[in-house]
1. Looking for something within 21 Å of the chain's Cα centre (by Cα), under 30 Å from GLN54 (Cβ atoms) and among the aliphatic types (A, V, I, L, M) - is there at least one such residue anywhere in the range 232-255?
2. Open to solvent by less than 30 Å² (accessible area, probe 1.4 Å) and outside any loop (DSSP other than H, G, I, E, B) - does that describe any residue in the range 366-373?
3. Does PHE209 count as in contact with a Pro (Cβ under 9 Å, 6 or more places away or on another chain), assigned to a loop (DSSP other than H, G, I, E, B), modelled with pLDDT of 95 or more and crowded, with 20+ Cβ neighbours inside 10 Å?
4. Tell me which residues, restricted to the range 282-321, are of a type in the set (D, E, K, R), assigned to a helix (DSSP H, G or I) and touching a helix residue (DSSP H, G or I) at 6+ places or on another chain (Cβ under 6 Å).
5. Inside the range 90-119, can you point out the residues that are part of a strand (DSSP E or B) and crowded, with 21+ Cβ neighbours inside 10 Å?
6. Mind checking which residues of the range 253-282 are under 19 Å from PRO212 (Cβ atoms) and of a type outside the set (Asp, Glu)?
7. Tell me, please, whether a residue that is at pLDDT 95 or above, open to solvent by 20 Å² or more (accessible area, probe 1.4 Å) and part of a loop (DSSP other than H, G, I, E, B) can be found in the range 77-84.
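The values are calculated or read from the model by the stated rules, or taken from the named source; none is laboratory data. A quick note: this is a predicted structure, and the numbers were derived from the prediction, not measured. Every residue, glycine as well, gets a Cβ built from its backbone with ideal geometry; the counts of neighbours run over all protein chains shown. Heads up: the accessible areas ignore ligands, DNA and RNA and are worked out on the full protein's heavy atoms, side chains in. Shrake-Rupley method; radii C 1.70, N 1.55, O 1.52, S 1.80 Å.
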Amino acid sequence: ALITVLVVLYALFVLYTSFFTKRINVRKPQSVQSMRIRQSKQVEREKLRGSQQQEIHILFSTSCSSSQDWQSYLLFHSMMHVQQTGNVTRLISGCTPEERAHQEEQMQEIQKSMSSRFNAYFTELDFGKKFSMKQGDWHSFKYFNKPFSVLAYMQDVLGFSSSGSRKHENDLIVLLDPDMIALQSFVNDFTEFVPESQETKRVSHGHMFGQPFGYGKQWFEEAKNNITYLVGSEESPVNRLSGDDLLHYHAGPPYIGTGRDFYSLVKTWCDILPRYQELRGHFMVEMYSASLAAAHLGLPFHLVPDFMISDYSVQNEGWSGIDSADPNDLCVPGGVKRLPLVHHYCQRFGLGEFFFNKHIFNNGFFDCQQPLIREPPRNVALIYNYTHYGDGTNKTWEGRDYKYVKRNAFMLCSMTSALNEASTFYKQQHCGDDANYEKTWMWHEAKARREIGHR
């Protein structure tokens, strides 16, 4: 009898131990962050990232405005999500002393909650206003902040100078726009983005990379009769360019280069931009000046369409993985197997009653009581073939244009997910138990509030 009791007790002990062990090994449910649409090759990119010794500096320039506060928070959060290595720095221009104190406090919170490698750099000047030639003509000049703040940062923080500092000349410099979110991490190996036939797959001295933008040769057409004045030299390689040679320079963010090349580029860019602005006076001269600077220096870009998505109607962007994906998978984590590096949300997009427009976004979105965004259904690409922007504009796609439905669906889900995850993270870091996690906010509400005078 005693033996029987001991056997029963031992059996119970084994069952209990097995059950307890299984319980402590059960994986926790996926968090909101882990539900982000991610690229299936992320593991390989993490191995590459760990094997590289090259320091990376990711930069983006902003004003001191509240609209660029939420964009900056979102960009920092996306960089945290893709586990970006190196330093990510917001270059801020135009702050009053009070605004700077507020920005510094916000940055300290971001460093504490996200990463100590996320930084802010404050320029001494508001470069757009410095070069403004007409009273009130701010819109055309605010883009001066981009190259001039990068130049100030590279000189002040990285130690570049005309005498030729070498400490960071081999580092990787990446320049983004603030209205971008990272979909993959930046690693100096772009094999998966460039054609197999292209020999150059890494950034090195003399080999800069960039996203092609749709202005083609226009940077040259508007400058060709004034090259000497614009570049400050009668002898310029630009004068020897013609035909397709001119198509190696219409690049935009992400701009990627070595420290040495990037410093040469921004120095020349800053020399040319005020003259080009005086000559033509429209906002595109900021990008045209970068193209002209690169051409003058003999630094053609390796243009990579797959770096970015932005405008669903443009073919020369990173849509291939989205176009080939099953419509049911566009809003499913891991459903799109080939993603670009960044989503540039400068354009509006939408399906059905769901749409996105950064210009009517709630600047106070990252707030304890602000609801999260109502999510589109995961099969949104199969439900709607039209978009309604809330301003009376409607667009319908049929037949061969169905790819535009898929592109809008992906951007909707990607952007909604990114915003909701960043807001959830903010609430978890800064709010109490009464934080609002309801997914009820819609863009039409933002439009209505804007019309009745709310900000």
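1. Yes - at least one qualifying residue is present in the range 232-255.
2. Within the range 366-373 (the criterion being open to solvent by less than 30 Å² (accessible area, probe 1.4 Å) and outside any loop (DSSP other than H, G, I, E, B)), the answer is yes, since at least one residue qualifies.
3. Considered against the rule, which asks whether it is in contact with a Pro (Cβ under 9 Å, 6 or more places away or on another chain), assigned to a loop (DSSP other than H, G, I, E, B), modelled with pLDDT of 95 or more and crowded, with 20+ Cβ neighbours inside 10 Å, PHE209 comes out as no.
4. Taking the range 282-321 as the starting set, the residues that turn out to be of a type in the set (D, E, K, R) are 286, 306, 311, 317.
Cutting the leftovers down to assigned to a helix (DSSP H, G or I) gives us 286, 306.
GLU286 - this is the single residue of the range 282-321 that is of a type in the set (D, E, K, R), assigned to a helix (DSSP H, G or I) and touching a helix residue (DSSP H, G or I) at 6+ places or on another chain (Cβ under 6 Å).
5. Narrowing the range 90-119 to residues part of a strand (DSSP E or B): 90-92, 118-119.
Matches in the range 90-119: ARG90, LEU91, ILE92, PHE118.
6. Pass one, the range 253-282, residues under 19 Å from PRO212 (Cβ atoms): 253-257, 261-262, 265, 269.
Within the range 253-282, PRO253, PRO254, TYR255, ILE256, GLY257, PHE262, LEU265, TRP269 meet the criteria.
7. Yes.
Conditions tested, residue by residue: (1) closer than 23 Å to PRO340 by Cα; (2) aromatic (Phe, Trp, Tyr).
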| site | (1), (2) |
| --- | --- |
| ARG378 | yes, no |
| TYR384 | no, yes |
| GLY392 | no, no |
| LYS406 | yes, no |
| PHE410 | yes, yes |
| LEU419 | yes, no |
| ALA422 | yes, no |
| PHE425 | no, yes |
